Structures are given as structure tokens and as C-alpha cells.
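We did not get these values from a lab; they are worked out from the coordinates using the rules stated. No experiment lies behind these values; they were computed from the predicted model shown. Quick reminder, even Gly has a Cβ in these numbers, built from the backbone with ideal geometry, and neighbours come from all protein chains shown.
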Amino acid sequence: MNQATATATDAPAAGLRGAWNGIAGRLTNLISHGLLALAARVAVAAIFFLSGRTKVEGLLGVTDSAYTLFREEYKVPLLPPEFAAHMAAYAEHLFPILLVLGLFTRLSALALLGMTAVIQIFVYPDAWPTHLSWAALMLYLIGRGAGPVSLDRAMGIR
């Protein structure tokens, strides 16, 4: 590009805009994809794992109260409540563990995003602000992957 076609935005910014852009650049370098991915993995994992723990006793014994929840409150269509209770309890344990390890991260986040969609559509449609915040974290992981501190990276899995 020659001098005649250069625009004001191509020149180094001065003043307040320049100072702000400098700070933004340092923040971009400080808050890397690795840090964002690790924080997103742990945040999503905690939400779902803790929810899963409320549905079981012992290691993975689904509680009577979980069956009651799926029969009376959750009422997921097309799935018998007993089957849905088991699937939710197991998914809320397996996929968060995989996320924390950074193993099959994109698949795990996609599975939990699907679960979030079911919860949003069929169970708690008014809770969209919460579900949207979960979805944003999972979409980041689906799109960008686990980051450098992960078993995915160690195993060469994208």
C-alpha cells in the first residue's frame, strides 16, 4: 500500500485511543487462549458435575429424588423418566471429567451444549440468561479447542 491509499486507521493511534489500544494489546497477550480455554473448561465442568452429584448417591447410584424430578418436573419428551435420569446423571459426570482433563474437549462441550439446549427448550425456558452464559463457554471450547494445558494437546487431538 502506498502513502496515497493509507488511511488514518493505518497510522499508529495517538492520544486516548492509542493508550487504550496499547492496554488492549497487553491484555490480549496476558489473557491467552490457553487461559481462557482452561477457565471455560473448569467453569462448565463445575456447573454440570455439581448438578450431577445431586442426582446420585455413592459413586453413580441414581437417587429416587432424581427419578421423581424427571417424572414430575423435567418431563423430557420422548424419553422415559428413568432412562433420562440415568443418562443425565452419567453425562453430568463423564463430560465434566473429560473437560477438566482436556480430553475430547470439543465432543464433551458439544454434548453438554446439546444437554443445555434440551434443558432450555423443554425444562426451564425462562432461564435463557443462565443457559446462554453456559452456551457461550461451550461454543468457545467447541470452536477453539482445549488449549495447551490439556490431554488433547498432549495426544495431538484437535
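Tabulated values for the structure
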item: Computed over the chain: relative contact order in percent, which uses C-alpha pairs under 8 Å that are six or more apart; result: 27
item: Approximate spin-label separation ILE23-ALA46, in nm, with each point projected 7 Å along Cα-to-Cβ; result: 2.7
item: Förster-model FRET efficiency, 25 Å R0, SER32 and LEU94, C-beta, rounded to 0.05; result: 0.35
item: Additional length obtainable on full extension of the chain from LEU101 to GLU57, 0.36 nm per residue less Cα span; result: 13.5 nm
item: In order through the range 123-133: 3J(HN,Hα) via Karplus (6.51 cos²θ - 1.76 cosθ + 1.60), integer Hz, x for Gly, Pro; result: 10, 10, x, 7, 8, 4, x, 5, 5, 5, 5
item: Extension gain from VAL118 to ALA136, taking 0.36 nm per residue of separation minus the Cα-Cα distance; result: 4.9 nm
item: Which label in (i) 11.6; (ii) 14.0; (iii) 11.1 gives the computed mean projected area of the Cα convex hull in nm²; result: (ii)
item: Positive-end residue of PHE122, ALA135, LEU103, charge dipole of the chain with Cβ unit charges; result: LEU103
